[in-house]
Structure formats: structure tokens, C-alpha cells
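Worksheet: one structure, shown below.
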Amino acid sequence: MTPDERRCVVTGLGVICAVGNNVEETWKSALNSVSGIHKTTSVDTNKCYADLAAEVKCDTLDEIDAPKEKDRVSKLCIKATKEALADAGLANFNDDQRVSVVIGSCVGGVLSIEQYHQHGRDVSEIAKMPIAAIASQVAETCEAGGIVTNVANACAAGTISIAVACDLIRAGKADVVIAGGADSFAAVPYSGFLSLHALDENGCSPFNRCNGITLGEGAGIVIVESYEHAQKRSAKQYCEILGSGVTSDANHITAPREDGVCLMEAISRAVKNSGIDKSDIGYVNAHGTGTGKNDNAEITAFKNFFGENNSNISVSSTKVLTGHCLGAAGAIEAVFSIKALTTDTVLPTFPYTKEQSAALKEKVGALDFVQNTARHKELKCVLSNNVAFGGTNAAIVFSKIPGEVAAQSAAGKKIAVTGLGIVSPLGNSKAAYLEAVKADKKPESPSVHSTIALEDYKELGVKMAFYRKLDNLGQLQTVSGMRALQDASFTVTDNNAKDIGIIVGTSEGGLGATYDFEELIAREGNSQGSAFKFPHTVYNAAGGYLSICSGIKGYGVTITTGPLSGLDSIGYSMNVIHDGQEKAMMATGTDENLPIITEFAQKLGVAANNVVAPYAENDGFVVGDGSVSIMLEEDSYAKSRGAKVYCYALGFGHGRKNVKFGKLAGSENALDKAIADALADAGITVSDIDAVCGFANGCKRIDDIEKGSLKRVFGEKLASMPLFEVKERTGEGRAGSAALAAAEAALLLSGELAGDKAYFVAANGSVASKKVDATGLKKILVISFAAGGSYSAVIFGK
Amino acid sequence: MDQAEVKSKLKAFFMSDLGVDGDVLQYDTELFGEEIGLDSVDSLEIISFVDSNFNVSMTGVGKEHFQSINTIAAYIEAHKA
């Protein structure tokens, strides 16, 4: 049986979707087979071949604190969160560091992007746009002070968020996690799916007509709690959450693999990680979008995994009720799955005529595809799976029994840094970065960006048939990721493709591409969206492209929290390896500087007018970008293939003090917490740290936070502590810079970088800089921040 | 619009909208082959481009007409109003 300290239980549920504004209403609609699909009232359908959607009808969404500061997606999410917290008997957490928020989303604040573009470019819309705003604003609402992050794996994001929540609890990083997903219906996804001819003009009909999807909107929230924490407060427990599986197709940016093998691998991992037998599963809440490609791939995967003569498995898609809610889908379906499990009910896909039922039987064999009406069935375990653009597959098991969860099986193993890929405004390789440090290069203007050249693809052997599809973010990520593999001498083969995964960290992800798409459809109409450009609007497209280019088929997640996402990708990758889920992980930080990104920074008053250096006490910073990929491997795995080791990843820590999303002031002390947390994770003390790779960028408000915290943490020692500040050369590249700071630490520890210019903060607060020799540096602390009051710290050591 | 103009417009579209390198794209180059690697998503874009620029619908048209710039141009020529 799973030991108590690794058991995760569900103690609260919340939902809002087209068939109900709470769990009770929604469940009633599900039992009565009521569809929420109607003619849309919120987007322009002129010249569009399909005009249906499953929209939320709720006039109390604004009954929250500061509604004007929040996009509809955050409002939906907060509404579901409040219900779930009340259900769990929980309320305000007073910045409790043991309470986390993990929210999945696909299009985030896309309505605010539309508003900004079409109605006066109002600065107040900017902070509402990124996906990162959602979890931060949920945390702010209930003062959750733990890890606050968003999973941006498009249509699988909701499921992965719940999986990540369990991973955090099992790694001892949280006691309670508010997990789920949210997305709102908007012109961008509507036009995008129209351009792909993926909407069914008659409403989706999963596993039946399979003619396309119908978009929905909403939010689902599951309160995931450690069993011990729930027991201690005598909380009501719905069920256990057992294992999960996340894999990548490495095949196509929008279409799932026809053979469904990587989806089957995700399901297989979920069952294996749960420590149950597949015969324990009685119901599968399928992704079942209604497209032929998805539904057939799923049927193939179910037949191959469960056996086509297996009549014990009931399967259905609940998307006829809710529409396809994208990043919220997995979360809303988790609520359906948990209700199904705890009330011993299997939900139907509907409507089916007699003829259609007969045709379905031909397709699915003995598998029990539940049709038209819900019915009673004794259930022990329920599986929910979702697939997404970018080739992501995710599956998770909800259960009445504790199972035998295989988490943290490799917790004691050392993690080696074995490869670096660096793309920055200084050039697109590690060699170019080392050269730029040597030459003491600085940004050439207050807005700089990376440029991928044909030479880069040639050197990496990437063919035109592939790279022609990439948007700018995808180019940066593909080149840095392929460079990291090359640097690590890691050849992806059929044998090891599933042993390696990718976590992309990004601050704005596909925000620029989404803005680009919004410009196109505002000009040409919703019927004129681009099927070529639409996939780039999802934040995980960049990671998906890297997976396709490299052939990496293991874990594949994109997280977005702000600049610190470039460090969190390292922290979460360490957890994936410690969990025994993968032997190797590519952790990345990637952000781009398109003209619209610089425009946002200027409007927000954080873009400097001239080139400024860290600690320049300016009002703004140089806007930059970059993508840095870092290969992490279980030490024995790295050694067995003769890999060179730069250094070891020793610890990861996090701290948060809730302030409004878009702000940092008032959260300063949370950086101290993040550093203390990372030191504890590494099992070392402040005196063991020899240097810091920081996040100072020249903007006084940001730099003072770093300076103040380091002073409190290191005391007198700070005066002799070298602070390496990579933004001096690349500008503020958000997640790209955070990962670059980690790469700088690895280069210094390995000796590849013999030294670099460092800053020193004197006791009186004055700052001076001088060149520092890297010899003698044994342990380096790397730190970063995110708007809303989150901070992360990673420690690398020799 | 004569055939040469149609072909040149198509080529410009492949380069600007589908990221194809002009150096390797001749009028008879196989579009869905290994080198250019167009796929189903790209064909949606081609259909949309041909529809709005030449007023010719290629929805549901057989694969053979999408083989190269030459075959697309020939289809447009044969079906233009």
C-alpha cells in the first residue's frame, strides 16, 4: 500500500461550465444528459461555417475582489476555486508556504489581448494577458503562499496540473494544492479551430460522427491534499489520486499519432505509477473531442491497452455536455471522474441512434462505450486522459483504494548537469556566449533579441521541411534544446526516447503569437484565421517542436509563472527524476522579444530608454530574450554513457508573499524563504554558498529586492560574495535569463568559464564590480522572481 | 492573370506564409515530399489562399492537384471563372 506520507486525497471540488455554475448543477446536467452547446452569442460568426459553442452563463463572475484587474479566465477560475475551498472546509491561508496553486490553461487572458488590440491599447489590459496571471490571482484571492504555477500544455493542461499537484505533495513541497484548469471562449481559438476545419457545424459528436469539436469554456478545481494533512483536520475525503503519466508524441504539432502508442504509454505509466492492475479501472473519461483523428487514436489506444474483448471497461466523453474547454477540459473532467467514482456512476456520450450505436460497436469491439444515459456501476478506479497540441498525452487515476504509488523512488540519487544550449542576443551557442563574456559584450540597444540563422539549422542537421514551420519562440527553443543535446553528446534513439523528458519554463510563452493571430483576425475576420499560425498561440508549441525535432517522447510539460519559470523548470525536472519517471530531463527557460513585447514593457514603464547595467538604479531595464536548455541526468545514467558532468543540481526552493499580479513591492521577504528552502533541500547552510547568479537587471525596484534579501540572508558575508548578473549582457530575457543564470553557474563550476565580472554589495549598500576568477567556487546559488510575489532558488555544486 | 503570374504569386505565398526556402522551390518541386514537407495543415492554407486570391475552390480536390506549383496553377487555370 502507498505509505501515508505519499497518499494524495481529494477534499474539495469546484466547477463552472456551460451546464452548471457549480458542481451540483453540473452533475445534475450530466446525469440527465443535458448538453450546453448552443449558438454562440459572444463572437462574430460572419462567413464562418460553424457557429456553436458551450458558453458559461453566469452573472456573478464579477463578485470578487478587483474584477477590473482580472481577465474572464481568472474570474472563472476564482469562482470554481471558491466553491472547491468551501467544499473542503478551507478558506484564507495567510501566505502559508505549504499551500500551492497549479492551474492549467491554453489561451489564458486572450480576451484581454483582444480588448487591448481593438480598444485603445490600454495599459491596464497587459497584466491580464499571460496565462501566468491565473494561478497568481487565484493565490492572491485565498493567500496561498506556496508554489504558484501554471501548466500551459493546451488541452492536456488541466490533467497535468493535478498530476503536478500530487508530485509536489509527494516530494514534500506542499500539504494542500489548489489544482485545476481554466479557459474562456474567445475569437482567437474559435477562428483558429475554424481555420483547421476542426469545428463540427452540428455540434461535437465524439466517437460517433467524429466531424470536429465544439469549443466550450469554464474552470474545474480539485483540492488535492496530503492524506496526513486531511486526516489531521478530519476533512471529508472524496477519493485518492494515484499515479499519472505524461508523454510526448514527437510527431505533429496539432494532430495526434494515429497509432496512439504514446497515448497508450501515458495510460500505461499512470496505471504502473498507481501500483494497480488495469482491471481495477472500471471507467475511462476519455478526451473524446469529436475529431476523427483524436477519437480513432484513442479507440486504438484503449483497444491495445485494455484489450478489445474487455467489456469491463466503460468509456465516455463528457464534451457533449461542456464543449471542449481546452486547458480546463482535464480539470472539469477530473470533477466528472471523481463524482462518477464516488457515486458509482458511468456517464454517457450522447446522442446515439440505434444505427450509430451499431456502427460504434463495429469500431470499438467489446469495450463498453456508454451511450445516451448514465447508469450505475460499481467502481474502484477511474482513469481520465487528455491529449493536446504539441503532441502531449496525459492520464491520471482517481481511486477508492490507496494503491501502491511509485513516487520518489529515486529520491536519493544525484542529478548531474550534462549539457547546455544557449541562445541569446549574443549568439546561438555556448561558444558564442563564452566568447561574449570574454569580450565583455553589452546589449547594443535598450531592446535586443536573439536571431536564429540558417547556419544554426545546418550545424544541427535540422531540415527545412521542419524549421519552416517554426515561429520565433519555437526557433529559439528548438535551437537551444538541440544544442543542449549536442553538448551532452546525447543521441535520442528508439531505446532511450522515453527515458528523457522536457520541461519548458516561459514567462509569456505564445503571448506574442496570440497577439499576432488576434491582429490577423481583427483585420480579416474570424473566418480568415491561419491554420499555419494558430498552433503557435499555444504556449507548449515550442516544447512540442523540440520534442518533434529531437524525438524525445518522455515527460513533456510547459510551465509559466514569470521569469522564475526558467528555474522552476530545473526544480520540477529534478522532481521528475527523483520520482523515477525519467532518467534524463531537458529543463529550459525560453522567452522572446517581439516588437509587441517591448511595447508592453514600455507601456508598463519598465523599459529603459538607454542601455542600463544591473544595479544602475534606473526606472527600467533592457528588454531582451533568449532560450537556454539544460540537460539534467541521474548521475549513474550519465556516467554509464560516459557523459561529462558540469556540476550537480543540489536543491530547489520556493517562497511567496502574495501581492497583486504585475507587482513585486511588498513581497521582498519571500526571496529569503526561497533561498532558505533551497538550502534545506540541498542539505547545506548559507556558509556553504560561494557565489550567487542573480536576477538584477538595472531596474531599481527589482534590483533592490535582490540586494535587500541577500543582505538579510548572507549578512556580513555579502560584501565578499560575488554576484554574477547575466542580464548585463542579454537584457531582461525573463525565463531565458533565469535559465541563463543557471547555465552561468554551471559554466563557472565546471571551469569552462574561467571567470566573469561580478558585483559586490558593500555594507553601506553601495555596489562595485570586478572580474572574479571561478577557481574555488564550489556551490552557487541561482535566484529568480515572478510578478505576484513568487521567488525561486536553485543550488548547483561541484 | 497569366500562368507565369499565378505561379509567381503561389511561390511568393509558399515563401512568406509557409516558410519555404525560395532557393529550393522550383515550379515542379514536389510540395508534399521530404524536402519541403508540406502536410495537412499547409494544404488548408493553400486552399484558403487559392480561394481568396484566385476565386477557385480547391476544397475536397484530389491530392494530385497539390503536387507542385505547376499542378496547382493548372488547376486554377482550368477552374477560374
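The values are calculated or read from the model by the stated rules, or taken from the named source; none is laboratory data. Note that this is a predicted model, so its numbers are computed, not measured. Cβ atoms come from the backbone with ideal geometry, glycine included; neighbour counts cover every protein chain shown. Surface areas here come from the heavy atoms of the whole protein model, side chains and all, with no ligands, DNA or RNA. Shrake-Rupley method; radii C 1.70, N 1.55, O 1.52, S 1.80 Å.
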Legend entry - Given charges at Cβ of Lys, Arg, Asp, Glu: the stretch A:663-787 dipole, positive-most of A:692, A:747, A:719: A:719
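Taking R0 as 30 Å, what FRET efficiency do you get between residue A:610 and residue B:40 from their Cβ-Cβ distance, rounded to the nearest 0.05? Present the calculation step by step, with values, prior to reporting the outcome.
Numbers: r = 48 Å, r/R0 = 1.62.
Efficiency for this residue pair is about 0.05.
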Legend entry - Additional length obtainable on full extension of the chain from residue A:432 to residue A:519, 0.36 nm per residue less Cα span: 27.8 nm
Legend entry - Percent RCO, i.e. relative contact order, over chain A, from Cα pairs under 8 Å lying at least 6 residues apart: 14
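How many lysine pairs are close in the stretch A:729-798, with Cα atoms under 13 Å apart and the two 8 or more places apart or on different chains? Mind showing how you got there, number by number?
Numbers: A:757/A:770; A:757/A:771; A:778/A:798; A:779/A:798.
Lysine pairs satisfying the spacing and distance rule in the stretch A:729-798 number 4.
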Legend entry - Whole-Å distance, taken between Cα centres, linking the stretch A:295-339 and the stretch A:70-91: 25
Legend entry - Residue (of A:648, B:76, A:253) at the positive-pole extreme of the protein assembly as shown, dipole from beta-carbon charges: A:648
Inset, instruction - For the stretch B:1-26 and the stretch B:50-81, write down the distance between their C-alpha centroids in whole Å. - result: 14
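Please state the relative contact order of the stretch A:346-462 as a whole percent: Cα pairs under 8 Å, 6+ residues apart? Each step should come with its number before you reach the end.
Values: 85 pairs, mean separation 17.7, N = 117.
So the answer I get is 15 percent.
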Legend entry - Accessible surface of residue A:24 - all protein chains present, 1.4 Å probe, nearest 10 Å²: 150
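Treating the beta-carbon of each Lys and Arg as +1 and of each Asp and Glu as -1, no other charges, what is the dipole magnitude of the protein assembly as shown about its Cα centre, to the nearest 20 debye? Mind dumping the intermediate values first?
Details: 81 positive and 106 negative charges, 318 e Å.
Dipole size: approximately 1520 debye.
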Legend entry - Gain on full stretching of the segment that runs from residue A:760 to residue A:687 - 0.36 nm per residue minus C-alpha separation: 24.6 nm
Inset, instruction - Taking 30 Å² as the minimum loss, tell me which residues in the stretch A:448-485 lose that much accessible area going from the chain by itself to the full protein complex (1.4 Å probe). - result: A:464, A:465, A:468
Inset, instruction - Return the FRET efficiency for the residue pair residue A:665, residue A:232: r is the Cβ-Cβ distance, R0 is 35 Å, and the value is rounded to the nearest 0.05. - result: 0.50
Inset, instruction - On a C-alpha basis, how far is the centre of the stretch A:140-207 from the centre of the stretch A:380-447 in Å? Whole number, if you could? - result: 18
Inset, instruction - About the Cα centre of the stretch A:636-794, how large is the charge dipole given +1 on each Lys and Arg Cβ and -1 on each Asp and Glu Cβ? Please answer in debye to the nearest 20. - result: 280
Inset, instruction - Using protein chains only (no ligands, no nucleic acids) and a 1.4 Å probe, work out which residues of the stretch B:39-57 have their accessible area cut by at least 30 Å² relative to the chain alone. - result: B:39, B:41, B:44, B:45
Inset, instruction - Could you tell me which of rounded, prolate or oblate describes chain A, using a ≥ b ≥ c as the square roots of the eigenvalues of the alpha-carbon gyration tensor, with rounded for a/c under 1.5 and, failing that, prolate when a/b is larger than b/c and oblate otherwise? - result: prolate
Inset, instruction - When a/c is below 1.5 the answer is rounded, else prolate if a/b is larger than b/c, else oblate, so apply that to the stretch A:713-798 with a ≥ b ≥ c taken from the square roots of the Cα gyration tensor eigenvalues. - result: rounded
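How much accessible area is lost when chains B and A come together, counting both sides, with a 1.4 Å probe, in Å² rounded to the nearest 100? Mind dumping the intermediate values first?
On the way: alone 4750 and 25200 Å², together 28730 Å².
For B against A, buried area totals roughly 1200 Å².
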Inset, instruction - Describe numerically, in nm with one decimal, the distance between label points set 7 Å from Cα along Cα→Cβ at residue A:528 and at residue A:28. - result: 4.6
Inset, instruction - Would you mind checking which residues have amide H under 5 Å from residue A:371's amide H? H placed 1.01 Å from N; only 5 or more apart, or other chain. - result: A:349
Inset, instruction - Take the alpha carbon gyration tensor of the stretch A:52-94, find the square roots of its eigenvalues, order them as a ≥ b ≥ c, and report rounded if a/c is under 1.5; if not, report prolate when a/b exceeds b/c, else oblate. - result: oblate
Legend entry - Which of A:530, A:708, A:513, positive extreme of dipole for the protein assembly as shown (C-beta unit charges): A:708
Legend entry - Sequence-distant aspartates and glutamates (8 or more away, or on other chains) whose Cα lies within less than 19 Å of residue A:303: A:249, A:258, A:259, A:265, A:277, A:280, A:295, A:362, A:368
Inset, instruction - Determine the share of the stretch A:34-161's accessible area contributed by carbon and sulfur atoms, expressed in whole percent, with a 1.4 angstrom probe. - result: 48
Inset, instruction - Check the straight Cα-Cα distances from residue B:11 and name the aspartates and glutamates below 15 Å, setting aside those fewer than 8 residues away within the same chain. - result: B:2, B:21, B:23, B:28, B:30, B:42, B:45
Inset, instruction - Step through the residues of the stretch A:732-747 one at a time and calculate ³J(HN,Hα) from phi using the Karplus curve (6.51 cos²θ - 1.76 cosθ + 1.60, θ = phi - 60°), rounding each to whole Hz and writing x for Gly and Pro. - result: 7, x, 6, 4, x, 6, 4, 6, 5, 4, 5, 5, 4, 4, 5, 5
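Carbon-plus-sulfur fraction of the accessible area of the stretch A:338-435, 1.4 Å probe, in percent? It would help to have the intermediate numbers written out before the result.
Values: 1900 of 3410 Å².
Its accessible area is 56 percent carbon and sulfur atoms.
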Legend entry - Accessible area per residue in Å² at 1.4 Å probe, computed on chain A: 31
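Taking the Cα centre as origin and putting +1 on Lys and Arg beta-carbons and -1 on Asp and Glu beta-carbons, what dipole magnitude results for the stretch A:443-505, to the nearest 20 debye?
On the way: 6 positive and 8 negative charges, 49 e Å.
Computed charge dipole of the stretch A:443-505: roughly 240 debye.
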Inset, instruction - Give me the percent of DSSP beta bridges within the protein assembly as shown that run antiparallel, rounded to the nearest 5. - result: 65
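Just list whichever of A:47/A:70; A:57/A:663; A:82/A:660 have alpha carbons separated by over 23 Å in the model shown.
Details: A:47/A:70 31 Å; A:57/A:663 32 Å; A:82/A:660 18 Å.
Cα-Cα > 23 Å for A:47/A:70; A:57/A:663; rest within.
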Inset, instruction - Count charges around residue A:597 for me, please; just the other residues with Cβ under 10 Å from its Cβ, Lys/Arg as +1, Asp/Glu as -1. - result: -4
Legend entry - Tilt relative to chain A, helix A:511-524 - C-alpha long axis, 0 to 90 degrees, to 10: 60
Legend entry - Taking the stretch A:138-256 and dividing mean pair separation by its residue count, relative contact order in percent (alpha carbons under 8 Å, at least six apart): 25
Legend entry - Residues with amide H under 5 Å from that of residue A:52, placed H, sequence gap 5 or more: A:40
Legend entry - Residues of type aspartates and glutamates that residue A:414 reaches as a straight line, Cα spacing below 17 Å, ignoring anything fewer than 8 places off in the same chain: A:499, A:579, A:582, A:633, A:634, A:635, A:681
Legend entry - Total lysine pairs whose alpha carbons fall under 27 Å of each other in the stretch A:422-574 (8 or more apart, or interchain): 22
Legend entry - Rough spin-label spacing in nm, given labels placed 7 Å along Cα→Cβ, for residue A:5 and residue B:24: 5.5
Inset, instruction - Pop a pseudo-label 7 angstrom from the Cα along the beta-carbon direction at both residue A:355 and residue A:778 and give the gap in nm to one decimal. - result: 7.9
